[in-house]
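One structure below.
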Amino acid sequence: MITIAVDAMGGDHAPKSEVEGSLRAVRNLDVRVILVGREQIIREELDLHGKWEHLPIEIVHASEVITMEDSAAKAMRSKKDSSIRVATRLVREGLAAGVVSGGNTGAVMATAKMVQGMIRGVERPALATAFPTLKGTPTVLVDVGANVDASAKMLAQFAFMGNIYSRAIFSIHRPRVGLLSIGEEEHKGNALTHATTPLLKQLALNFIGNVEGRDLYTGLADVIVCDGFIGNVALKVSEGLVEVFRHMLKESLSSTITRQVGAALAKNAFADLKKRTDYSEYGGAPLLGVKGVCIICHGRSNANAILNAIRVAAEYSSKRVNEKIEEGLADLGEST
């Protein structure tokens with residue numbers, strides 16, 4: 001049974017979503033969960049869900065909480081008993097295979113990098129997020145915010161790690177890897193994309209060349225690589241667009257569908273669309289390149305998102321994604 005530590009104080013609705021999601025996980029998955037945070041508050045929330053003591057779930061106390069307003073560097077120095085610090089320490093000490101957190105993204109990344117450590121050969125960690133596509137299989141975008149500036153070598157490593165992640169978690173045999181640019185032609189782009197292209201061609205990847213922003217959703221590529229600045233902008237634009245589109249579609253359906261049968265069909269279609277575009281179905285973004293597992297969730301994560309983040313963390317560990325990354329980078333040697 002794989003053990004996952006959950007930062008119970010991290011999200012906007014903590015510890016409600018974290019506790020409910022963890023209870024769902026231990027009841028439906030072959031996992032054990034350690035809830036990390038202020039013990040009394042967590043215990044009170046657990047008690048709201050009835051008897052839980054017989055379940056594979058426990059509490060580890062952490063007296064401090066890093067808020068969304070805290071600076072990552074300052075919080076790491078001053079809050080050494082924070083819930084995320086204690087949770088990552090459990091991973092470092094081998095008491096948990098991974099950590100899940102919906103807290104301050106910068107603080108979670110910095111803490112995981114410092115406490116859990118980096119996989120040998122990885123220059124910088126990268127956040128990977130899955131996007132739904134027209135083809136039904138997700139596209140993994142790497143990086144979506146861990147590195148606002150990146151070198152060509154870093155992008156090559158991001159592509160390599162994203163390729164392994166796509167194969168392991170989404171069972172895509174030979175992921176098509178694309179480089180995010182402003183045009184499909186190789187001569188288009190900027191200095192970074194021009195420097196990255198020859199490196200990607202050298203790797204043992206199914207590199208398909210440049211792809212454009214729209215290809216995040218077309219399914220043309222299974223893995224798309226970019227620097228964290230561009231990736232984070234793409235992620236936030238996508239989140240906003242999905243929310244607006246859902247709202248506009250709901251309004252349009254309400255004003256145009258009047259017959260009962262038509263309304264029922266529209267309701268079912270809308271529910272299906274919502275599920276296909278719901279971030280909570282993917283759980284969270286893995287921080288590729290750190291030792292152990294670190295899944296960073298949206299601050300607004302609900303119980304379903306926490307459940308799926310725990311599921312992804314367990315799969316990531318059981319499928320030895322980190323070991324495959326380290327072995328692959330060792331084989332690459334100086335080619336990246």
Selection within the stretch 281-323 - closer than 16 Å to Ile169 by Cβ and at pLDDT below 90: Glu281, Tyr282, Gly283, Gly284
Among the numbered criteria (1) modelled with pLDDT under 95; (2) more than 24 Å from Lys153 (Cβ to Cβ); (3) surrounded by 19 or more Cβ atoms within 10 Å (Cβ to Cβ), which single criterion is violated by Arg246? (3)
Result of the Cβ filter at 9 Å on the stretch 47-73, keeping first residues that are touching a residue at least 60 places away in the same chain (Cβ under 8 Å) and partners that are not in a helix (DSSP H, G or I), at least 6 apart or interchain, is Met68/Asp12; Met68/Gly103; Met68/Asn104; Met68/Gly299
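Confirm whether Leu134 is aliphatic (A, V, I, L, M) and crowded, with 23+ Cβ neighbours inside 10 Å.
no
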Of (1) buried (at least 20 other Cβ atoms within 10 Å of the Cβ); (2) modelled with pLDDT under 90; (3) within 23 Å of Ala303 (Cβ to Cβ), Ser101 fails just (2)
If you go through the stretch 108-126 one residue at a time, do you hit one that is modelled with pLDDT of 95 or more, buried (at least 23 other Cβ atoms within 10 Å of the Cβ) and part of a strand (DSSP E or B)? yes
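State all residues of the stretch 299-314 that are under 14 Å from Gly103 (Cα atoms) and buried (at least 24 other Cβ atoms within 10 Å of the Cβ); if no residue qualifies, say none. Steps first, answer last, please.
Residues of the stretch 299-314 that are under 14 Å from Gly103 (Cα atoms), as a first pass: 299-302, 305-306, 309.
Selection gives Ser301, Ala305, Ile306, Ala309.
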Within the stretch 54-96, of all residues that are small (Gly, Ala, Ser) and crowded, with 22+ Cβ neighbours inside 10 Å, the one farthest from Ile42 (Cα to Cα) is Ala75
Being buried (at least 17 other Cβ atoms within 10 Å of the Cβ), closer than 23 Å to Val233 by Cβ and of a type in the set (D, E, K, R), is that true of even one residue in the stretch 142-159? yes
Across the stretch 1-37, what is the number of residues that are closer than 20 Å to Lys80 by Cβ and out of contact with any helix residue (DSSP H, G or I) (no Cβ under 8 Å at 6 or more places or on another chain)? 1
Which pairs have Cβ atoms under 7 Å, sit 6 or more apart or on different chains, and link a residue in the stretch 121-134 that is on the phi > 0 side of the Ramachandran plot to one that is of a type outside the set (Lys, Arg) and surrounded by fewer than 19 Cβ atoms within 10 Å (Cβ to Cβ)? Gly121/Glu326; Gly121/Ala330
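The values are calculated or read from the model by the stated rules, or taken from the named source; none is laboratory data. Note that the coordinates shown come from a computational prediction; the quantities given were computed from them, not determined experimentally. With ideal geometry, Cβ positions are generated from the backbone for all residues, glycine too; neighbour counts draw on all protein chains shown.
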